[in-house]
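The values are calculated or read from the model by the stated rules, or taken from the named source; none is laboratory data. Note that the coordinates shown come from a computational prediction; the quantities given were computed from them, not determined experimentally. Glycine also receives a Cβ, built like all others from the backbone with ideal geometry; neighbour counts cover every protein chain displayed.
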Amino acid sequence: MHCITTPIASGDTISFGAFLSYYFTYVTPGQAGNPTAISEWIDANKNVVYYQMLYTQAVLESGYFKSNIFMNTSNMFGMKAPNSRRLYCKSVNYSDGDFAAYNSIGTGIADRIGWDTQKSDFILPQTVSDSQAYFDYVAKHGYATDPNYSIKLVELYHTLINKNYFFDTVWSDDGGSDNILVSPPKSFNFMYILFPILSWFLYKKFKK
């Protein structure tokens with residue numbers, strides 16, 4: 001396979017919307033840069049939570065997309081170069097092993113999904129509460145040597161939710177955008193009601 005890896009500029013980051021766009025472009029290249037098509041694809045697949053969890057692992061493995069491995073190989077998951085999946089185009093040796101290099105970020109995401117789908121015990125997570133079971137499954141299959149790997153992933157996942165990483169804008173090539181709300185709704189803030197009432201009360205009081 002011909003291998004052309006484009007180094008990622010230092011300091012660049014990948015939003016969740018961009019993450020979805022990279023993978024969507026890989027699976028449906030004819031719709032690249034079409035935010036409406038991305039939204040329809042998400043709705044049809046009904047598995048946005050799964051992509052949230054993949055994104056969380058990518059953030060952890062790549063150090064928020066700043067690792068040398070990611071920037072030089074488009075490998076955001078720290079995937080090694082296995083014989084069973086040949087989506088990678090070459091292997092690159094680092095101090096802790098041979099890592100897969102990809103022609104595109106979308107290909108790397110597809111390879112990571114292939115790591116799941118080739119396993120007989122893979123269960124697609126459906127809700128946020130499935131995160132513990134999913135990340136335990138990832139750790140059980142030896143993805144990392146850290147004994148606290150699944151704990152770190154669950155904690156990071158909820159951190160990203162709380163920081164609104166999953167409320168995102170996907171940009172199209174023509175400058176248009178489409179907002180994708182894919183995080184659980186925040187708890188209701190009663191200040192949204194109290195503040196206008198208080199403002200009206202003060203207005204009436206000082207108007208007299």
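Of everything in region 26-63 that is buried (at least 19 other Cβ atoms within 10 Å of the Cβ) and over 24 Å from Ile123 (Cα atoms), the residue that is modelled with the highest pLDDT is Ser62. The residue of region 114-146 that is nearest to the chain's Cα centre (by Cα), among those that are outside any helix (DSSP H, G or I), under 22 Å from Ser62 (Cβ atoms) and not hydrophobic (A, V, I, L, M, F, W, C), is Pro125. For the criterion of being touching a residue at least 60 places away in the same chain (Cβ under 8 Å), part of a helix (DSSP H, G or I) and under 26 Å from Asn72 (Cα atoms), Gly106 passes. Checking Phe167, Phe195, Phe188 one by one, the residue that is at pLDDT below 85, under 22 Å from Trp41 (Cβ atoms) and of a type outside the set (S, T, N, Q) is Phe167 and no other.
Scanning region 78-119 for residues that are basic (Lys, Arg) and either at pLDDT 65 or above or touching a helix residue (DSSP H, G or I) at 6+ places or on another chain (Cβ under 8 Å) (or both) yields Lys80, Arg85, Lys90, Arg112, Lys119.
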